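Let me begin by presenting the structure, written as structure tokens, before commenting on it.
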Amino acid sequence: MDKDGLMVVPCEYQHVWPPLDGRIKVIRNGMTGFVSTGGQVIAPPVYQDIQPFENGRARIIRDGKMGFIDEQGNEVIPPIYDEVMPFEGDTTIVTSDNEYLVIDREGRMIGVTHKPGKENSAASEAEEEEPQQYRVKIEKDYIDIRHQGKGVVVSGNNKRRRYFEGHLAGVGLALNGYLDADLQEELPEGYEFMSLNQTKSVEVSIYPVSENIRLLGNWFGLTTGIGLQYNNYRFNLDNISEVDEPGREWFPEVGSEASISKSKLMMMHVNVPLMAELQFSNRNRHNSLYISGGVVGGVRLQTHTKLVFDDGNGEEKKKKRGDMGLPTFRYGFMAKAGYGDFSLYATYYPEPMFKSGEGPEIYPFSVGVMFHFD
């Protein structure tokens, strides 16, 4: 791009050299050419190499043969010679079938000469020139460009490599809920106080990084990672007297006549999912339709309950920390469907939310959206 930040040479080349005398040397598909600093093609990239201009002519190599182009990119001397020397004045020496010919700037033969001295030999220059090596990275691949005076050699993996790019890393926001053993949203007797304020019972999850494993092409594979998940269960609880044992042990102590305006159970887990993802890909793999499903394991880091209440002396807040009868480890299932950087997802945990005898037999789930990033 130019000094104003405007693109003048499009990003369609494997490598470009710094501008020199108003021209930029470029490589595309392993072949070299020249474009102007304004982006116009001077010499199309169809040559194995183009050497710097000397006396208004630049040596070219195509199909192993050498010739010259002028400063406008015209092939004034077609690449039909085994070797050509730089112009000295209006003539140069070329080699064809082991004969050394003298030609002028337009390619007309003037005469025959002997083998030039080593100091004038382009082959000798190539032998003495220090090799130049460039490595150009393109996405997850790279190519090596090696220049030794005889030409440019481009090497790399010619086989098209395929990569699977799954959708896990991102931030999710969902609504929490739980079901009983019959998959109904019914709470067991004695735990009616756990009825949820659904719109304020939210789940927030973040997966900062993910790892992808290709299985079939670039459209089916596994994705995994590690992240944090925060679950907030907001109860419809007006008075602590509504809570029976053992649920009473979960909450901080407040007066029986206190009016409760907010009550909740919060838990935080470290999650490690393993998802199989199928993509219905277009040419841009990132912006594709996809579905995925798998398992997620979690380790509980923190749990607490919180009450906001008024016992006649003004509003107060209290927290109580503990395990609240929750297991340290849990596992569940996750399903997801989306397009590009957006997806809908759901989770369900097939094991009870609480340890046996320390809480109701309920099974947590969540439904929400996730915004993904690379």
### Summary
The number of residues in segment 231-248 that are touching an Asp or Glu at 6+ places or on another chain (Cβ under 9 Å), farther than 30 Å from G294 by Cα and open to solvent by less than 60 Å² (accessible area, probe 1.4 Å) is 3
### Message
If a residue must be closer than 16 Å to S205 by Cα and among the acidic types (D, E), how many such residues does segment 335-351 contain?
### Response
1
### Within segment 182-230, considering residues that are under 27 Å from A276 (Cβ atoms) and either in contact with a helix residue (DSSP H, G or I) (Cβ under 8 Å, 6 or more places away or on another chain) or among the aromatic types (F, W, Y) (or both), the one most open to solvent (accessible area, probe 1.4 Å)
W219
### Filtered residue count, segment 25-80, keeping only those that are in a strand (DSSP E or B) and open to solvent by 40 Å² or more (accessible area, probe 1.4 Å)
10
### Query
Has segment 3-13 got at least one residue that is assigned to a strand (DSSP E or B), of a type outside the set (A, V, I, L, M, F, W, C) and at pLDDT below 90?
no
### Task
For segment 282-374, please list each of the strands (runs of 3 or more DSSP E) lying entirely inside it that holds at least 1 residues being hydrophobic (A, V, I, L, M, F, W, C) and surrounded by 14 or more Cβ atoms within 10 Å (Cβ to Cβ).
289-310, 329-339, 342-348, 363-372
### Breaking point among (1) open to solvent by less than 40 Å² (accessible area, probe 1.4 Å); (2) within 44 Å of the chain's Cα centre (by Cα); (3) under 24 Å from E203 (Cα atoms), for F251
(2)
#### Entry: Subset of segment 102-116 [closer than 13 Å to I77 by Cα and part of a strand (DSSP E or B)]
V102, I103, D104, M109
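The values are calculated or read from the model by the stated rules, or taken from the named source; none is laboratory data. Small disclaimer: the values here were computed from a predicted structure and weren't measured. Counting neighbours? That spans all protein chains shown, and the Cβs are built from the backbone with ideal geometry, glycine included. Surface areas here come from the heavy atoms of the whole protein model, side chains and all, with no ligands, DNA or RNA. Shrake-Rupley method; radii C 1.70, N 1.55, O 1.52, S 1.80 Å.
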